[in-house]
1. Considering only C-alpha atoms, what is the centroid distance from region 131-170 to region 176-237, in Å?
2. Past the 19 angstrom mark, what percentage of all C-alpha to C-alpha distances in region 1-132 do you count?
3. Name the most mobile residue of P37, P160, P112, meaning the one with the largest mean-square fluctuation, in a Gaussian network model of the chain with Cα contacts below 10 Å.
4. Just need the relative contact order of the chain here, percent rounded to a whole number, with Cα pairs under 8 Å and 6+ apart.
5. For the chain, what is the accessible area per residue in Å², given a 1.4 Å probe and the full set of protein chains?
6. Report Rg/Rh for region 85-126, rounded to two decimals, where Rg is the Cα radius of gyration and Rh the Kirkwood radius.
7. FRET efficiency for R228 and L92, Cβ-Cβ distance as r, R0 = 30 Å, nearest 0.05?
8. In what sequence, largest accessible area first, do K192, K130 appear using a 1.4 Å probe?
Amino acid sequence: MDGIYILANDVVLDQAIALLNSIEANAGTNTDGQPYPVLVLPYDDRIDRLQLALKDYPNARLFDDQASIDRWEQAARDIWDHTPGYRDFLQLPPGTYHRLGMHRRFCALDGPFDRFIYLDGDTLVLSDLKPLFSALDNHEWVVYDFQHKDPSHVYNVTSPRLNQLFSPERLGRELFCAGMYGGRRGLFSPEKIAELLSYLKAGEADVLYMRAPDQSILNYWVMRGGIRACNLAFELPKVAVTGC
């Protein structure tokens, strides 16, 4: 089953409603001709107004798998606990984490949808999503943006380890914005996440960009995990490329 995840709470309710309206109007339908189901990932516990608003959207509901939320938040904590200078750089008190709710987007990686598109709560859908889902026929991950032009918001570009891990060619093509991406369920098994965490503990965490925590982790997981990714900004004819 194909579906859509978004991340929201009461603070961004107006933007979330605009996104849900744009999905209804422009996202198109799945292979069965039905609207795509939407799961709203709660950024935090401020969701009372959001839950009321979702009653107006029959194809959308709140993601309520607390075990999944806890599992992925713990994965994020494990990473940042082993990132040298993390709390000092961000001036965080012990036991706190920068924008921890943003990491809840990881729930899409083992959620109920076989294939998914993730969208940040402050985005809009302006055209049919079929090209994104179609790209997942031959790839495990799909993006559509120009983040590769600015690696400084994905990785710590001052880290000497960065070019040891990823060639300039890869950094110039494979970086992506975490505001929109598509993938397949099960790409990152508990065993794969444990393997990647071991690399980070061994010193590779130095390449992570702390101010965009979830974006940095996702890029690292996809690139270090050998995931077959596609950026439509490189694949589509130049006259058709707009990015997202």
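The values are calculated or read from the model by the stated rules, or taken from the named source; none is laboratory data. As the structure is a prediction and not an experimental result, all values here were calculated from the model. A quick note on method: Cβ atoms are made from the backbone with ideal geometry, for glycine too, and the neighbour counts reach across all protein chains shown. Remember, those area values only see protein heavy atoms, side chains included, never the ligands or the DNA or RNA. Shrake-Rupley method; radii C 1.70, N 1.55, O 1.52, S 1.80 Å.
1. Using only Cα atoms, the two centres lie 8 Å from each other.
2. Working: 4509 of 8646 pairs.
Value for region 1-132: 52 percent of Cα pairs lie more than 19 Å apart.
3. P160
4. Details: 383 pairs, mean separation 59.4, N = 244.
So the answer I get is 24 percent.
5. Numbers: 11520 Å² over 244 residues.
Averaged over the residues of the chain, the accessible area is 47 Å².
6. On the way: Rg = 14.9 Å, Rh = 13.1 Å.
Radius of gyration over Kirkwood radius for region 85-126 works out to 1.14.
7. Approximately 0.25, to the nearest 0.05.
8. Reading off the accessible areas and sorting them downward yields K130, K192.
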